[in-house]
Amino acid sequence: MKTTSAHTFLYEVAACSWRWLRPLPIVWKEGDDAGRTLVRGRLQGGRVIWSEGRGDTIIGCQVRREPPDSTERYTRWINQLAPEQLLTQVFTSHGPTVVMPTWFCSRTWFSHVGPFDEGGQGVPEDLLLFYNHLRKGGGVVRVDRSLVLYRYHPDAATHSVLETTIWTHRVRFLEERVLPHWAAFTIWNAGRQGRRLYRSLSAGARRKVVAFCDVDENKIRKGFYCYEDSKETPKPRVPILHFRAARPPFVICVKLDLTGGEFEANLRSLNLQEGRDFLHFS
């Protein structure tokens, strides 16, 4: 997402420049990109993939964060996603699986999926364009080289985008892209985030939730979650199970890389396939 107020101008340029430069590819060069060498590397890496692949692909790259210890979990996520996860992890709170300052794509394709939403401050332009790109069948590829110096700014314009705004877009995208294909599913996390997702779903999607699952014995002993705000009579009661007793598919509302590997080990022990048996919504 946008990182400084100066980037507003760059967004405006990106939003309109395709109109007269349509035959050429777009390389997002932001004020924080570090030098010509890295930009040249992005051009070379992007053009190789672009020339060999489809014209409907957004190509990104790995990044080097500055300061190095800022947003460590997010940076690991950006740089370490497997190729197939660039499409399966598009529902998480991290946003686009290749970050916008690294994007490289065909101008013709950008004109097809864009332009950026110019609604002003508080609009997650990159997320909305990325989702529209996926809606229209676009691909996502990452060049596995660190070709962008991605600076962290405490006063970043991205902080003007409310978490609730992003949450709403993520829930709607999940309902649009995944839940119509599942007859029933389990929400992994009977705590605050899992219950919030349940309450945020449309009535039809909520009816597909057959259980919550967790590792917390106190939640499991309670046995169920009652949706008190429901207008239904009786109010829905959703069972809470141990994760080993629950049935996939799962929408997982547990944050990655925060439990010392315990959650990840539990998930691996079930021998499930990401994208088919579970999706991350953390």
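Where a number appears in this text, it was derived from the coordinates with a stated rule and is not lab data. Note that this is a predicted model, so its numbers are computed, not measured. Cβ: placed from backbone, ideal geometry, glycine included. Neighbour counts: every protein chain shown.
Points worth noting:
- Residue-wise HN-Hα coupling along the stretch 65-78, computed from phi with Karplus coefficients 6.51, -1.76, 1.60 (Hz; x: Gly, Pro): 7, 9, x, x, 9, 8, 6, 4, 4, 4, 5, 4, 4, 4
- Debye intensity ratio in log₁₀ form over the Cα atoms of the stretch 56-150, taken at each q of 0.12, 0.17, 0.26 Å⁻¹: -0.37, -0.74, -1.47
- For S160 and A245, a Förster radius of 30 Å and the Cβ-Cβ distance give a FRET efficiency of 0.10, rounded to the nearest 0.05.
- R0 of 45 Å, Cβ-Cβ distance D216-R135: FRET efficiency to nearest 0.05: 0.80
- The label point for L87 and the one for R196, both projected 7 Å from the Cα toward the Cβ, are 2.9 nm apart.
- Rounded to whole numbers, the Karplus 3J(HN,Hα) couplings from phi for the stretch 103-111 are 5, 9, 7, 5, 5, 4, 5, 4, 5 Hz, using 6.51 cos²θ - 1.76 cosθ + 1.60 with θ = phi - 60°, and x at Gly and Pro.
- At full extension, K231 and R276 could sit 12.9 nm farther apart than now, given 0.36 nm per residue minus the alpha carbon distance.
- Mean Cβ neighbour count within 10 Å, used as a protection proxy, ranking 249-259, 217-227 highest first: 249-259, 217-227
- Gain on full stretching of the segment that runs from K255 to L149 - 0.36 nm per residue minus C-alpha separation: 35.6 nm
- Calculated Rg and Dmax of the stretch 217-282 using C-alpha coordinates, Å: 14.2, 42
- 5 angstrom amide H check on R65, placed H, neighbours 5+ away: Y150
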